[in-house]
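Here is the structure we will look at, set down as structure tokens.
Bear in mind these aren't lab numbers, they're just calculated from the coordinates by the rules spelled out. Keep in mind that what you see is a predicted model, and the values were worked out from it rather than measured. No Cβ is skipped: glycine too gets one built from the backbone with ideal geometry, and neighbour counts run over all protein chains shown.
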Amino acid sequence: MKRTADVLLGVVLLAAAAAGLLAPGPGAAPGEALDVLLGSGTEGATVAVLGVRLPRLALALAVGAALALAGASLQALLATPLADPFLLGISGGGAAAATAAVALLPVAAFGAVPAAGMAGAALATLAVWWMARGPLGPSTTRLLLAGIAVNAAASVAILAVLALADAPRLASALAITMGSFSAATPAAVLWLLPYLLLPAALLLHDGRDLGLLALGEESAAALGVDVTAVRRRVFLASAALCGGAVAFAGVIGFVGLVTPHLCRLIWGMAPRRLFWRAALAGAALTAFGDVLARQLVAPAELPVGVVTAALGVPFFVALLRRAP
Amino acid sequence: MSAPTGPRAEQGRGLLRASGASGGYGGRPVVECADLEVGPGTCIALIGPNGAGKSTLLRMLAGVLPTSAGSVELLGKSLRQWRRRDVARHVAFVAQQVHFAFPVTVREVVEQGRAPHLGAWRPAGPADRRAVEAALERVGLDGAASRPVQCLSSGERQRVLLARALASEPRVLLLDEPAASLDVAHQLELVELLRRLHTEGAGSVVVVHDWNLAARLADRVVVLACGRVRAAGNPGDVLTPPLFLDVFGVRTETLLAGDGRPVFVPRIAAHPPMSDGR
Amino acid sequence: MLLLWAAVAFSGHLVDQVGHPVQAGPVTRLVALAPDVVELAFALGAGERLVGVAGTADFPVAARLLPRVTVGDVESIMARRPDLVLATTAGNDPRVIERLRASGVRTFTADVTSCERLAEVLRLLGEVLGARRRGDELADDVLGRCAAAARRAADLPGQGALWVVWWEPPIVAAPNTFHHDLLHRAALTNLAPEGAGRYPRVNPEVFLDPGLRFVVSPDEPDVRAGWERFATSAAGTRLAAGDVQVLWLPADPASRPGPRMPEALEALVAAREARR
């Protein structure tokens, strides 16, 4: 069963990658795109497949993996299956700063928008951590409540930006609030990689402790886990994952919530077994979401956050109804 | 790693010792100035009315809750000087109930008991697997190892948590009301199991509400009320109707069982039990 | 169309371009909620009756001196005590119009999606403002100039084009917009999709479509800056190489469906002729 699921995961991931590169688009038909991959494509198709689609696919995969990993680790950290990267307000903080940048910066300086998103996410992280610090250190409940507070502040900031921004810039601001990979460049992917790989390494290191933490902090402490230190590291890792994702792709919902759920059903809750599979599944889901976002109203495109939510919600409802 | 495990330390000081230990939550002391010592092969029953501080004292002994005054020493060295993971190798703590947020099987939970020995990276070896199997067998769950914990009764869950504690092969077991959800047969099995563990050299501190169970189980009884130790000693000396009336506010009749052991039967509540409110 | 005129004649009512009836009656205090309808009012000789205009109204010069209203704020509109409010589907919130109507304010909403619709709105609004002759003259003039420009463009080869209103992310004008009509009259085939709204966001890859030869874009600083950034991306390869030509039209009037639309069309045709 698990072996089959592993193989299936590999197949789905490959299929998502193939769809991302080969699905029909205005720059190259599937046949032309295949020629490009086989090394005999026309110049125009090569630009479309390797120049436009490949970075876009890579960004979608990286962001999907980051979101699913952030969701899985936050769920274990807070010992609740309800946690997702949005819950702690980190994405909200990043999105608020990015939309504000889009509303205020000269268009020529839009290259700085991801940096603003990062700064916003970092600020939100600090705010959540500061608010959650109680006399006994940050507890699960305090973290969740602090996240709700930061999220509320971020929503207000975003709405204010949307209400006050010049009409043409609304399009740029809305693109951030609903997520998009359309501006993907190789540079963006390279920038994002450390925000994916360093937290992933940290989570791998703390995987066993995180598995203990998922069954309650007191029993984890009794089993030798330094709860405060692990919590701080995992929180920072999740924050970096969310911050990177939101800075380069805007707000993309439900990947971080649904993917860990589905994977937990198949592979169980042990972090080291679950996390990398959740990351791959999140990558595949997001890449597929982006393909759909491009295909459904081609050559127009939907915000990818809309697609992932549309895929995720019914799925989540089904999971919820089925759960014992 | 650097735990002083020499025989001298053990014989001289016992395994786990609280001296003048106080502790609580958010600056409010719940346990004040408690003394308690667990030696190898001995069982201490911790009894007292609700809110007396039994669970708090147990948490302090496990090192999960820091002491605000006094100290808890493991093998002669203050818990503050131990690394958490090394404490967990020697001391296993079983809380009353654990909330299982995620679907997880019995074996997965019991395997967690090996975590203190494995650290962050070492994979489980044959010795670890043996310990897990032995623990499952001891609590009678070897047949249910692959069942999801969510589907178990609360009594079975309590045994799962006990098995997790046993899997870490501790020298001291701290059990918070381990018998609370067990049926009579399993309560007797628990007593047998703890007896065997004691003959193997483990010490234990067990919070119990059932005086008769405490009498059967323990070498020593410590009575806690209002966060302070009211009495401590052999069960026969400590568990007496005057104490029950004093601490629990209950008049008690003492019967004699067939084997000559006393059986306490609470008759009537004379006054409310001792608590902070009084 | 005949039926519509008949209805107006019989009931003393007029219907605006979104189907709202407009009560007949004198108009002395006029508020216009967008630059294009401000221009319509001035073109029909009702400029001195304007008592409030949108903050973005800048043409003709006289419009800049008029009191401003906040277009999203019903209260600021009502404060000008208008007896008619002019609005447009190109930028006004229909909910604001609904609230004004619910408060008993007469409104007239223009929905100009083509030269014909521009001619129609000139006639209708001429009627409402008591400038029927002027309206008819302007309408005839618009139709004549549009037809003439289309005749000039008929000599040009039909080629694929997009009208890009914003570059970050790329947003284009789809069918059922006046931009689409202008492209069509300039013998350009709009590659923008139907059914994804009037101004859909497009897959940037569309700028690599071999069928795309021209991109029309309003010449304003933010749009230019966005284009410059876009042209450095892989999707902008053909734009940067000049393989896809960008026709920069003066943003005013090319960005507003007002009475100067024929000017925008003539500028577009001229730009095409210049690149022959």
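Please list, in chain and number order, the residues 5+ apart from residue B:65 or on another chain whose amide H is under 5 Å from its amide H, with Hs placed from the backbone.
B:60
Cα centroids of the stretch C:169-202 and the stretch A:182-217: how far apart, whole angstrom?
What the calculation gives is 42 Å, centre to centre.
Using the Karplus curve 6.51 cos²θ - 1.76 cosθ + 1.60 with θ = phi - 60°, what ³J(HN,Hα) values do you get for each residue of the stretch C:67-72, in whole Hz, with x for Gly and Pro?
x, 9, 10, 8, 5, x
Based on DSSP, what percent of beta bridges with both residues in chain C are antiparallel, to the nearest 5?
20
Using a cut-off of 12 Å between beta-carbons, work out the net charge of the residues near residue C:57 (Lys and Arg +1, Asp and Glu -1, residue C:57 not included).
Once positives and negatives cancel, what remains is -1.
Please rank B:146, B:71, fewest neighbouring Cβ atoms within 10 Å first, as an exposure proxy.
B:146, B:71
Please compute one quarter of the surface area of the Cα convex hull for the protein assembly as shown and express it in square nanometres.
Average projection, Cα convex hull of the protein assembly as shown: 47.7 nm².
Dipole of the stretch B:41-108, Cα-centred, from +1 at each Lys and Arg C-beta and -1 at each Asp and Glu C-beta, to the nearest 20 debye?
Using only the charged Cβ atoms, the result is roughly 200 debye.
Under 8 Å for C-alpha pairs, at least 6 residues apart: give me the relative contact order for chain B, rounded to a whole percent.
Answer for chain B is 23 percent.
Each residue of the stretch B:200-210 in order: what ³J(HN,Hα) in whole Hz does its phi give by Karplus 6.51 cos²θ - 1.76 cosθ + 1.60, θ = phi - 60°, with x for Gly and Pro?
7, x, 7, x, 8, 10, 10, 7, 9, 9, 8
What's the magnitude of the charge dipole for the stretch B:127-208 around its Cα centre, counting Lys and Arg as +1 and Asp and Glu as -1 at the beta-carbon? Answer in Debye, nearest 20.
140
Any chance you could run the full-extension gain for residue C:220 through residue C:133? It's 0.36 nm times the residue separation minus the Cα-Cα distance, nm to one decimal.
Taking 0.36 nm per residue and subtracting the Cα distance, the gain is 27.7 nm.
Would you please give the residues with an amide H less than 5 Å from that of residue C:219, counting only those at least 5 places away or on a separate chain, with H modeled from the backbone geometry?
C:249, C:251
Around residue B:219, under 14 Å between beta carbons, what's the net of Lys plus Arg minus Asp minus Glu among the other residues?
Net charge around residue B:219: +1.
Can you tell me what share of the DSSP beta bridges in the protein assembly as shown is antiparallel? A percent to the nearest 5 is fine.
Looking only at bridges with both residues in the protein assembly as shown, the antiparallel portion is about 45 percent.
Based solely on its DSSP helices, what 222 nm [θ] is calculated for the protein assembly as shown when runs of n ≥ 4 H residues each add -39,500 (n - 2.57) and the sum is averaged over all residues, nearest 500 deg cm²/dmol?
It comes out at -15500 deg cm²/dmol, rounded to the nearest 500.
Within 10 Å, Cβ to Cβ, of residue C:117, how many net charges do the neighbouring residues add up to if Lys/Arg are +1 and Asp/Glu are -1?
So the environment of residue C:117 carries a net charge of -4.
Measure off 7 Å from each Cα along the Cα-to-Cβ vector at residue B:28 and residue A:197, then give the distance between these two points in nanometres to one decimal.
Spacing of the two 7 Å Cα→Cβ label points: 5.1 nm.
Mind telling me which of C:233, C:114, C:255 comes out most flexible in a GNM of chain C, alpha-carbon contacts under 10 Å?
Between C:233, C:114, C:255, it is C:233 that shows the largest mean-square fluctuation.
Mind putting a number on the dipole of the protein assembly as shown about its Cα centre? Charges go on the C-beta only, +1 for Lys and Arg and -1 for Asp and Glu, and I need it in Debye to the nearest 20.
Charge dipole of the protein assembly as shown: 1860 debye, to the nearest 20.
Quick query: amide H of residue B:224 versus all other amide H atoms, modeled in the peptide plane; which residues come in under 5 Å with a sequence gap of 5 or more or a different chain?
B:47, B:48, B:230
Please list, in order along the stretch C:245-250, the HN-Hα scalar couplings obtained from phi with the Karplus expression 6.51 cos²θ - 1.76 cosθ + 1.60 (θ = phi - 60°), rounded to whole Hz, x for Gly and Pro.
Going residue by residue, I get 8, 9, 9, 7, 9, x Hz, with x marking Gly and Pro.
Give me the tail of P(r) for the stretch A:74-194 as a percent: Cα-Cα pairs with distance above 18 Å.
Everything past 18 Å amounts to 55 percent.
Out of all DSSP beta bridges in the stretch B:85-205, what portion is antiparallel? Express it as a percent rounded to 5.
10
If each residue's Cβ is checked for other Cβ atoms within 10 Å, how do B:80, B:138 rank with the fewest at the top?
Least crowded to most crowded, the residues run B:80, B:138.
What residue among A:271, A:90, A:61 has its Cα farthest toward the positive end of the dipole of chain A, where the charges are +1 on Lys, Arg and -1 on Asp, Glu, each on the Cβ?
So the residue we want is A:271.
With springs only between Cα atoms under 10 Å, which of A:80, A:125, A:99 fluctuates most in a Gaussian network model of chain A?
In the Gaussian network model the winner is A:80.
Which whole-number percent gives the relative contact order of chain A, counting Cα pairs below 8 Å spaced six or more residues apart?
This gives 29 percent for chain A.
For the stretch B:41-101, what size does the Cα cloud have along each of its three principal axes, sorted from largest down, in whole Å?
Cα spread of the stretch B:41-101 along its principal axes, largest to smallest: 31, 31, 29 Å.
Most mobile of A:248, A:288, A:110 per a Gaussian network model of chain A (Cα springs, under 10 Å)?
So, out of A:248, A:288, A:110, the one fluctuating most is A:110.
Can you give the relative contact order of the stretch A:1-133 as a percent, counting alpha carbon pairs under 8 Å and 6+ residues apart?
15
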